[in-house]
1. Hey, rough spin-label estimate for Ile95 and Thr320, points 7 angstrom out along Cα→Cβ, what's it come to in nanometres?
2. So what is the accessible area of region 157-258 per residue, in Å², with the probe set to 1.4 Å?
3. Among the trypsin sites (Lys or Arg not before Pro) within region 225-281, which fall in a DSSP loop and have no more than 16 other Cβ atoms within 10 Å of their own Cβ?
4. Could you give each residue of region 238-246 its phi-based ³J(HN,Hα) in whole Hz, using Karplus coefficients 6.51, -1.76, 1.60 with θ = phi - 60°, and x for Gly or Pro?
5. At 10 °C and 1.306 mPa s, what whole-number value in µm²/s does Stokes-Einstein give for the translational diffusion of region 30-176, with Rh from the Kirkwood sum over Cα pairs?
6. Between Val306 and Ser381, what FRET efficiency comes out of the Förster formula 1/(1 + (r/R0)^6) with R0 = 25 Å and r the beta carbon distance, rounded to 0.05?
7. Below 8 Å, C-alpha to C-alpha, sequence gap of six or more: please give me the relative contact order for region 79-203 in percent.
8. Please give the Cα centre distance for region 26-64 versus region 124-166, rounded to the nearest Å.
Amino acid sequence: MHNWKNLLKLLASVTAVQIIGFALLPLFSRLYTRADYGILGMLMSVVGLLTPLAAMRYDQAALVARGGQRLQLLRILGISLCLGLTLVLSLLCLIAPPFLATTSYAPAIPYLFIIPLTVCCSGLYAVLAANANARARYGSISIAALLQGYVNNCLKVVCGWNSLGVWGFAIAFNSGTAIACAWLGIRQHEPWLRGVTYRRLRVVAHHYRTFPKYTTWMVTIAMLITNILAMMLPNFYRVEEIGVITMLYMITRRPVQVYSDATSRVYARRLVEAKAEGRDFRGDMRRMVLRLSLGAVLGTLITPWVAEPLVTLVLGEQWTQLGQIIPWMIPFLLMESMNYIFNFIPDVLRRQRSYMLIQVLRLCCELGFIFLLAPRLDFDSFIRAYFFFAAGEYALINLWFYHLLRPSELSLGQD
């Protein structure tokens with residue numbers, strides 16, 4: 001069931017959402033200021049770090065779980081952990097303002113409660129989508145993605161017209177995510193609490209303990225790396241320049257991530273099946289890498305000619321700077337897309353600890369790069385250098401993923 005037909009269902013819904021998002025970009029770029037995007041980037045960097053931790057990675061355990069009862073218990077366990085983290089974050093938001101008032105993050109103080117709200121909605125969606133993915137319910141996931149995307153984009157227009165600024169982003173995104181969660185919950189027809197006891201939750205938590213034990217730290221480091229620019233650069237550059245990064249990620253990196261995540265859902269299940277059957281998965285990986293590389297070559301040839309005038313026409317002159325940066329991102333986007341698609345490999349092959357150590361080393365390199373060059377370079381020069389540096393890091397990790405797919409590894413780590 002985990003084949004190209006079902007992958008196309010996911011990609012079709014993603015494409016439909018991306019189309020309306022790009023169609024409305026000229027409105028978004030004029031209804032919201034660069035400062036709004038800058039503050040949004042600060043907040044979303046924290047949300048991006050915390051959301052994968054909301055269920056302590058037990059949502060990912062659904063990929064390798066057998067049978068309905070385990071999936072049911074993992075779902076309840078994930079939801080409970082997500083709600084608990086939301087409560088803790090809300091308490092932290094109450095006590096944080098005095099500590100942030102004298103820092104470069106002070107402009108985000110009025111919007112702090114966006115963090116627990118968004119982490120809660122996004123975490124619940126991740127748990128429910130992972131459960132649906134484990135049951136091969138790609139149609140439900142596709143409709144949920146459509147609901148989330150269309151409600152989000154339409155409400156962003158309404159909130160922008162009413163000058164709600166950063167709160168407008170939060171209201172739109174979380175409303176769409178809540179509706180998508182409701183849809184996934186309705187489509188999971190099995191009883192939610194029948195047979196669920198505290199003892200059984202403890203048993204299933206212990207059985208899949210490698211996910212919180214190793215992948216929690218792994219994903220924390222990975223998300224720190226992903227969000228490190230928006231988190232650290234307020235110390236070196238203006239809020240408006242952080243807004244440039246936020247918009248840049250929205251029109252380039254975010255679509256790549258969404259498509260890659262959709263593709264990863266199918267490929268993860270295909271690797272599970274290949275491991276169970278003793279098949280070689282490396283051919284699947286090589287074919288996907290070839291397709292992505294051809295797209296990157298085409299982008300490299302086209303973007304230097306069209307990026308700047310197109311960005312100025314669509315988004316307005318305040319965003320012209322984006323068009324000068326985008327051509328330098330192509331190698332980075334290629335390598336990151338491969339990483340997003342295949343980053344399930346250490347989970348399925350139970351090599352989470354090795355991946356965690358690699359990510360720790362990468363985080364140290366990222367921090368060293370930022371603190372060494374950001375104080376010495378202007379914003380444009382730093383961003384271009386950073387994307388080449390990050391592309392090289394991703395390339396090395398992708399080679400390690402391929403190395404893991406040796407036939408001898410596929411016979412290890414059976415559930």
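The values are calculated or read from the model by the stated rules, or taken from the named source; none is laboratory data. Remember, it's a predicted structure, so these values are computed and weren't measured experimentally. When we count neighbours, we look across all protein chains shown, and the Cβ atoms used for this are built from the backbone with ideal geometry, even at glycine. In case anyone asks, the SASA skips ligands and DNA or RNA and just uses the protein heavy atoms, side chains included. Shrake-Rupley method; radii C 1.70, N 1.55, O 1.52, S 1.80 Å.
1. 4.9
2. Numbers: 4760 Å² over 102 residues.
Here the per-residue accessible area is 47 Å².
3. When the trypsin sites (Lys or Arg not before Pro) of region 225-281 are filtered for loop state and at most 16 Cβ neighbours within 10 Å, Arg238, Arg279 remain.
4. 6, 4, 4, 6, 5, x, 4, 4, 4
5. On the way: Rh = 16.5 Å.
Stokes-Einstein gives a translational diffusion coefficient of 96 µm²/s.
6. On the way: r = 23 Å, r/R0 = 0.91.
E between Ser381 and Val306, to the nearest 0.05, is 0.65.
7. Details: 104 pairs, mean separation 32.0, N = 125.
In percent, rounded to a whole number, it is 26.
8. 13
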